[in-house]
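FYI, it's all coordinate maths here, none of it is from the lab. Quick caveat, the model's predicted, so the values are computed rather than measured. No Cβ is skipped: glycine too gets one built from the backbone with ideal geometry, and neighbour counts run over all protein chains shown.
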Amino acid sequence: MKILILLNSLILSFAFSVFAQIGNLPVGMGMPQYSGLPVKVNPNAGRAAYEELQKRLAILQGPEGKNYFCVIEGVTNCIWDISGISGRVLEVTDDGILLNRFSQNNVLLTNYSKVVVDNQHINCFAKNVGVYSYQSVSGGISTIPKYDCGKPVLPSQEFLEQAINLVRTAIATNPFAIRNQSIVEKQEKAKQKARDENYKAQANAIHVLEPEATNGDASAQCELGMHYLNGQGCETNQEQGIYWLQKAAAQGDLRASKKLEQLKERN
C-alpha cells in the first residue's frame, strides 16, 4: 500500500468546504493574474444561488477570506473558480494520484496534500489542467484528464477586493435578488403612498379644524392642538399645540387637560 505526502498544496475538505491553516506565505506570491469568477453557481438557480453567494461574500469579507485562494499553473484562483472532484484512490504514483471517479473517466490528481492510501475515497477542489498519459496494466497507453489542486497562496488585497466585488455583482444580478428587490420596492412605494395619503387627509383636517377652533369650539381646539403636537398633516409645533390645548382645557375639555398634565410631567 503506497502513501503519498504532497507538501505546500491546497488543503480543502469537500464536505466542509474550508481550507486548513495556510501559514505565513508571502502575500500574492508575486502572481499578477487572477482567474476571474468566484461565483460558479447557476445564475438562474434563484434563491439557492443567492444564499450561496451571500455565504461566499461573508467568507471573503471575514478573517479567513484570504485562505480561499490557490495558485494553479501560475494563476491565482479563488476556490470557487475550480471544480469539486471525488473518487477512489487506485494508485499513488510519482506523478500524482490515480483516481477512479466511478461512472466517469479515471483522472490524475496532483498537489493533493493529505496522506492517502489505495482504495481510499477522497473529496477535494481541483482544476482540469490537461491530460496525463500512462502505461496501463495491459501494456497499452491510457490518456486521462489531469486535475491540479493547486498550491495555497495569500492573495494581494487587490485580488481579494476583486473577488468580493465579483460576488457582490453576482448577488445584485441574481434573479431572486432582483425579484426580491422588486417586491421590496413595491412594498415601500405602497407604504409611501399610504403615508402621503394619510398626510394629505390630516392636512385637510387641519384646514377644517382651524376656523372651528378660532370660533371657540373646544373639541376642535383640542384636535388642532393634537395635530400640531404630533405633526399630523403639518410640521410638529409644540408651542402651537400647547396653545390650542390650553384653549380647549380652559373650556373644560378633559382630553386637553389630561394631555397638558402629561406634558407637564415629562418636563
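Whole-Hz Karplus values for segment 116-126 come out as 10, 9, 4, 6, 6, 8, 10, 10, 6, 9, 7 Hz, taken residue by residue from phi with 6.51 cos²θ - 1.76 cosθ + 1.60 and θ = phi - 60°; glycine and proline positions read x. Amide H contacts for residue 91 (H built 1.01 Å from N in the peptide plane; partners 5 or more residues away or on another chain; cut-off under 5 Å): 98. Could you list which residues have their amide H under 5 Å from that of residue 129, counting only those 5 or more apart in sequence or on another chain, with H placed in the peptide plane? Long-range HN contacts for residue 129: 146, 147, 148. In this label model, residue 128 and residue 191 are separated by 4.8 nm, measuring between points 7 Å along each Cα→Cβ vector. Modelled label positions at residue 203 and residue 258, each set 7 Å beyond Cα in the direction of Cβ, lie 3.1 nm from each other. Extension gain, residue 215 to residue 90: 0.36 nm times the residue separation minus the Cα-Cα distance gives 35.1 nm.
Full extension of the chain between residue 121 and residue 58 gives 19.7 nm of extra length, using 0.36 nm per residue less the Cα-Cα distance. Considering only 183, 222, 248, and ranking their Cα positions along the charge dipole of segment 177-266 that arises from unit charges at the beta-carbon of Lys, Arg, Asp and Glu, the one farthest toward the positive end is 183. Treating r as the C-beta distance of residue 267 and residue 237 and R0 as 22 Å, the FRET efficiency rounds to 0.85. Projected onto their three principal axes, the Cα atoms of segment 177-266 cover extents of 58, 31, 19 Å, largest first.
Could you tell me which of the pairs 193/247; 66/127; 191/247; 66/114; 200/259 are separated by over 28 angstrom between their Cα atoms in the structure shown? If you can, show how the numbers build up before the last one.
Working: 193/247 34 Å; 66/127 19 Å; 191/247 35 Å; 66/114 21 Å; 200/259 25 Å.
Over 28 Å apart, Cα to Cα: 193/247; 191/247.
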